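Only one structure is covered here, and it is reproduced in the block below.
The values are calculated or read from the model by the stated rules, or taken from the named source; none is laboratory data. Just so we're clear, the structure is a prediction, and the values are computed from it rather than from any experiment. Counting neighbours? That spans all protein chains shown, and the Cβs are built from the backbone with ideal geometry, glycine included. Please note that ligands, DNA and RNA were not included when accessible areas were found on the heavy atoms of the full protein model with its side chains. Shrake-Rupley method; radii C 1.70, N 1.55, O 1.52, S 1.80 Å.
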Amino acid sequence: MKYSKAALLSLFISLSYTSRASANVQQTLPIEAARAQQAISVDGLLDEPVWQRQGYSQLVQRDPIEGAAPTERTDVLIAYNDEGLYVAGTCYHTGPDTIVGGLARRDRPVESDWFWFWIDPNHDRQNGYGFAVNPDGSIIDQRLYRDIMTDDDWDGVWEAAAVRHGDRWTFEMFIPFDQLRFNKAEEYTWGVNFKRYILANAEDDYFVMVPKDESGFVSRFGQLTGLNGIEPPPRLFISPYAGGQLNDYPGTAGSPFYSDMRYGRNLGLDVKYGITGNLTLDLAINPDFGQAEVDPAVMNLSAFETFYTEKRAFFLEGSDIFRFGANPTGGLWGCYWYGYNMFYSRRIGRQPNSSPAHDGEVYAPEQSTILGAAKISGKIRNWSVGSVNAITQEEFALVDSEGVRFKEAIEPSSFFGVYRGMGEFNKGRQGLGFMVTTVRRNQESARLRADNNDQALVGGIDGWAFLGAEQNWAVLGQMAWSHITGSKDRMVKVQRSSTHYFQRPDLEAATLDSNRTALDGWMGRFGLRTVGGNADFQTALGIISPGFNVNDLGFNSRTNVINWHIVGGYRWQEPTSWYRQMALRFMTSRNFDLDGNRLFAQVWHGGNFQRLDYIQFHWNIQLTPQGLNLFNTRGGPSIKSPGYTNLHFGVNTDSRKAVVLQGCKTAQFVQDDSYFQVLDGSVTFRLAASLKLTLAAQYMTDDYHRQYVDKVDDAEAEFGERYIFGTLDQKEVSTTLRLDWGVTPRLSLQAYVQPFFSVGSYSGFKEAIARSLKFNPYDYESHPDYSDPDFNYKSFRGNIVLRWEYLPGSLLYLVWTQNRENDEWPGEFDLGRDVRALTKKAGDNIFFIKVSHMFSVL
């Protein structure tokens, strides 16, 4: 048996190597850019003299038939002048009916034909920029980093136009040099690649085609030559903005602080300055850090904080450098690793963390005000560097206590700093980076100091290295350390929080120290994996110490864990007579705490299968035996968790069609007879080339026999408290409606609506027994501290955004947001009644307008 396992592993590794080593490397000739002697009008007509020459047309197909000749001809030309780079092309079609266009908001992909152009101006084979245009002039842009990764939130200031001509469409792009980062040289050789996508054939044709069983992207670019007599231009862009907001809160009548209508206005300034050809400073003075999109409604019954994605433009643009642990190897699977974010930008400008000490009517700001923020990003030689610094002001709540009005501080003024560097060596074969975050709060009152850490300092290093001549294997890893300080009262709160639970009576790896004024922790995770090839293999080991805490400027929900996993699988990527592609994967993982207890284990299988008609199926099954849960008693003793089986199956139809369907079902069967299921589905209608409507719905039902309810003091209990659980019968319905309308390439309208209903009814109350699967009956409803845990949360969130880029880099936003909430009839599920109640509820409305104008000063 041992011999058979060794033979299989040897075969698996050899397949991984062979798939890479035997692949043919596509040879491409350099493309020469021609200097334009006359002005070029970016209108898509290609009638300037510089375009009257033969273009490059030797593209290679990657999909659907790798290595085949394109089914349609494409001619590409590149020119330049002192101001920037021009790209033009002609995309031929066998007939006008096969040309597919469409309009959408910038950076929102629309199912159409596309032409993509990528450039690596430093020719470092790791970083670059991407620009795309379709037959109707819609555009997308992105930053490339770590060879294979993209930052789609980057917005460059550039121009594009496209024109249809019956059996072909033509396009022009103008990419100003002040949007690219590169160092001065006498003569330039840049990395370049481009692709044409033909929707009718689901066809990708590349200048440099990277085979499906190989890895890398920017590192495989061809060469762009002929660029002479240019230099990085000075860069100074100033974007003043003005904004106005009208809040209509009809539900607040009678409050001494609210009127039905509230008004707000704001003025600010954004500055972008090129320190060097490769280094940029972004400065925001009195910035508007509101977000145009609303967060989705959720019902969180766990002990842990909900993670929300960042949607504010200042923090999104250039965020790639701050992604600690990101690397070009393909990364590692999660496998119940309690991951963390070293930089969680939504901590900056958060909702105030404290409440007033006095009772009464309260008016409190919804976010902390960011007085100013500065960001530096770019490259210094082979090092990508970045920093973010921000200052928030002290926030106060107004309190009306029996007619006496006063204010109380609820959030201290704070400084936030993030500093990042990533060095790439030996043409990207190795990388080594560091990251440091710091928070300092100016707080004097004991109440504020009890709610907030005084200081936080986190540092980490991460990196990777490709192994072997063919770079088919890679090692990768990261380590980090945290140090927080605060008052004794604050440190007790931190130790007792859900991140740590140091008060647990059976915890040996750490103890709650009421005299502590600082807390330190560390983490590390290291992995080995294959890169490229059809065979997949990876394994990793990670540890998070009990005291690790990055939550002042990062995000981590759990600690005290040792995690390891092994993954193996195989991909069939060449079409056959009965499928287009297929993949099968297998995984096992284990979690332990630092006391040596096994917390969790799983055996998992997943796969996907795509038919020749592009309908795709995906599935997985997970088998988990009995484990140990450290968190369910919310700081009490650990209890055993029953084993369970997870099943998941889903199907997606061809995304190119006028009607696209997606659906899946997830079910969990637990050994204690608990049952959980989720049904997800969506349908997308392409009502017109530029109008898309998506309706998504989710139905969840949960019959969970081990839901935490409360803990009650009892001197006769083993640990002085009784930990109360119950059976939760929960039903949740969520519907999302999205409308995307591209009016022109620069003008778009998006609408988002989410009705959300979550109802839970508790029964069968019982008391947990430490380190056991069993419970003792408990008459919780007769306890003097009984509080009915049933709930019925209903909400409606809507958002309409009109976005007009009236000039490149200059924007006008009109936004309307509505929110309704209702919590009547706890524990009773009646969807029709709840919908009617929600429609009758007066909504909170916010109307917002913002206009910004970009000036190029230098």
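Pro109 - would you say it is open to solvent by 10 Å² or more (accessible area, probe 1.4 Å) and either more than 22 Å from the chain's Cα centre (by Cα) or under 30 Å from Ile380 (Cα atoms) (or both)? No; evaluated as a whole, the condition is false for this residue.
Only one of these is under 30 Å from Pro240 (Cβ atoms) and either touching a His at 6+ places or on another chain (Cβ under 9 Å) or free of Cβ contacts under 8 Å to residues at least 12 places away in the same chain (or both): Ser856, Ser810, Ser782. Name it. Explain how you work it out, then say what you get.
Details: Ser856 fails: either touching a His at 6+ places or on another chain (Cβ under 9 Å) or free of Cβ contacts under 8 Å to residues at least 12 places away in the same chain (or both); Ser782 fails: under 30 Å from Pro240 (Cβ atoms).
Just a single option satisfies the conditions, and that option is Ser810.
Only a single criterion out of (1) over 24 Å from Val436 (Cα atoms); (2) more than 18 Å from the chain's Cα centre (by Cα); (3) not charged (D, E, K, R) is not satisfied by Trp333, namely (2).
Of the strands (runs of 3 or more DSSP E) contained entirely in region 428-530, those carrying at least 1 residues that are hydroxyl-bearing (Ser, Thr, Tyr) and surrounded by fewer than 22 Cβ atoms within 10 Å (Cβ to Cβ) fall at 430-442, 473-485.
For region 320-349, give me the residue count where each residue is at negative phi and either open to solvent by 20 Å² or more (accessible area, probe 1.4 Å) or in a loop (DSSP other than H, G, I, E, B) (or both). Summing the residues that are at negative phi and either open to solvent by 20 Å² or more (accessible area, probe 1.4 Å) or in a loop (DSSP other than H, G, I, E, B) (or both) in region 320-349 gives 20.
Quick one: which strands (runs of 3 or more DSSP E) lie wholly within region 182-248 and hold at least 3 residues that are open to solvent by 10 Å² or more (accessible area, probe 1.4 Å)? Lay out the reasoning, then the answer.
Numbers: elements: 187-198, 203-206, 222-228, 236-248.
The qualifying strands (runs of 3 or more DSSP E) are 187-198, 222-228, 236-248.
Checking the conditions here, which among Asn266, Asn278 is at pLDDT 80 or above and either closer than 30 Å to Lys841 by Cα or open to solvent by 40 Å² or more (accessible area, probe 1.4 Å) (or both)?
Details: Asn278 fails: either closer than 30 Å to Lys841 by Cα or open to solvent by 40 Å² or more (accessible area, probe 1.4 Å) (or both).
Being at pLDDT 80 or above and either closer than 30 Å to Lys841 by Cα or open to solvent by 40 Å² or more (accessible area, probe 1.4 Å) (or both) holds for just one of Asn266, Asn278, which is Asn266.
Of all the residues in region 131-153, those that are more than 14 Å from Phe217 (Cα to Cα), open to solvent by less than 20 Å² (accessible area, probe 1.4 Å) and assigned to a loop (DSSP other than H, G, I, E, B) number 4. When region 771-807 is filtered for residues that are open to solvent by 50 Å² or more (accessible area, probe 1.4 Å), within 21 Å of Glu721 (Cα to Cα) and in a strand (DSSP E or B), the ones remaining, listed by number, are Asn776, Pro777. Contact annotation: residue pairs with Cβ atoms under 6 Å, 6 or more positions apart or on different chains, pairing a residue in region 641-656 that is under 25 Å from Arg580 (Cα atoms) with a partner that is of a type in the set (Val, Ile, Thr), are Leu647/Ile621; His648/Thr666; Thr653/Ile615; Thr653/Val660. Inside region 623-680, residues that are open to solvent by less than 30 Å² (accessible area, probe 1.4 Å), assigned to a loop (DSSP other than H, G, I, E, B) and not hydroxyl-bearing (Ser, Thr, Tyr) make up a count of 8. Looking across region 380-408, the residues that are open to solvent by less than 30 Å² (accessible area, probe 1.4 Å) and at pLDDT 90 or above come down to Ser384, Gly386, Ser387, Val388, Ala390, Thr392, Glu395, Ala397, Val399, Glu408.
All told, Val436 meets the bar of being under 26 Å from Lys375 (Cα atoms) and of a type in the set (Val, Ile, Thr).
Just the residues that are within 22 Å of Gly431 (Cα to Cα) and in contact with a Gly (Cβ under 9 Å, 6 or more places away or on another chain), please, taken from region 143-155. So that I can check it myself, show each step before the final result.
Step one: list which residues in region 143-155 are within 22 Å of Gly431 (Cα to Cα), which gives 143-151.
Selection gives Arg143, Leu144, Tyr145, Arg146, Asp147, Ile148, Thr150, Asp151.
The set of residues in region 696-723 being among the charged types (D, E, K, R) and either buried (at least 17 other Cβ atoms within 10 Å of the Cβ) or not in a strand (DSSP E or B) (or both) consists of Asp702, Arg706, Asp710, Lys711, Asp714, Glu716, Glu718, Glu721, Arg722.
Hey, among Gly386, Gly378, Gly372, which residue is closer than 30 Å to Gly542 by Cβ and outside any loop (DSSP other than H, G, I, E, B)? I'd like the intermediate steps shown before the answer.
Numbers: Gly378 fails: closer than 30 Å to Gly542 by Cβ; Gly372 fails: closer than 30 Å to Gly542 by Cβ.
Only one candidate passes the filter, namely Gly386.
For region 742-753, the set of residues classified as touching a residue at least 60 places away in the same chain (Cβ under 8 Å) and either in contact with a strand residue (DSSP E or B) (Cβ under 6 Å, 6 or more places away or on another chain) or open to solvent by less than 40 Å² (accessible area, probe 1.4 Å) (or both) consists of Gly742, Arg746, Ser748, Gln750, Tyr752, listed by residue number.
If you check Val857, Val815 for being crowded, with 17+ Cβ neighbours inside 10 Å and in contact with a Leu (Cβ under 8 Å, 6 or more places away or on another chain), only one passes: Val815. When every residue of region 295-313 is checked against the conditions, none turns out to be surrounded by 16 or more Cβ atoms within 10 Å (Cβ to Cβ), modelled with pLDDT of 85 or more and out of contact with any Lys or Arg (no Cβ under 6 Å at 6 or more places or on another chain). Applying the criterion of being in contact (Cβ under 8 Å) with a residue 40 or more places away in the chain and in a strand (DSSP E or B) to the residues of region 813-845, the residue that is farthest from Asp740 (Cα to Cα) is Asp844. Whenever a residue of region 628-640 is closer than 18 Å to Asp672 by Cα, its partners that are open to solvent by less than 10 Å² (accessible area, probe 1.4 Å) and in a loop (DSSP other than H, G, I, E, B), lying with C-beta atoms within less than 6 angstrom and at least six residues away or across chains, give the pairs Leu628/Ser638; Ser638/Leu630. Ala768 meets each of the listed conditions (1) among the small types (Gly, Ala, Ser); (2) in contact with an Asp or Glu (Cβ under 9 Å, 6 or more places away or on another chain); (3) crowded, with 19+ Cβ neighbours inside 10 Å apart from (2).
Is there a residue being open to solvent by less than 50 Å² (accessible area, probe 1.4 Å), under 28 Å from Asp703 (Cα atoms), free of Cβ contacts under 8 Å to residues at least 60 places away in the same chain and part of a loop (DSSP other than H, G, I, E, B) anywhere in region 724-735? No, there is no match, as no residue in region 724-735 is open to solvent by less than 50 Å² (accessible area, probe 1.4 Å), under 28 Å from Asp703 (Cα atoms), free of Cβ contacts under 8 Å to residues at least 60 places away in the same chain and part of a loop (DSSP other than H, G, I, E, B). Residues of region 554-574 that are surrounded by 23 or more Cβ atoms within 10 Å (Cβ to Cβ) and touching a helix residue (DSSP H, G or I) at 6+ places or on another chain (Cβ under 9 Å): Gly554 alone.
If you check Trp118, Trp169 for being open to solvent by less than 20 Å² (accessible area, probe 1.4 Å), out of contact with any helix residue (DSSP H, G or I) (no Cβ under 9 Å at 6 or more places or on another chain), assigned to a strand (DSSP E or B) and not basic (Lys, Arg), only one passes: Trp169.
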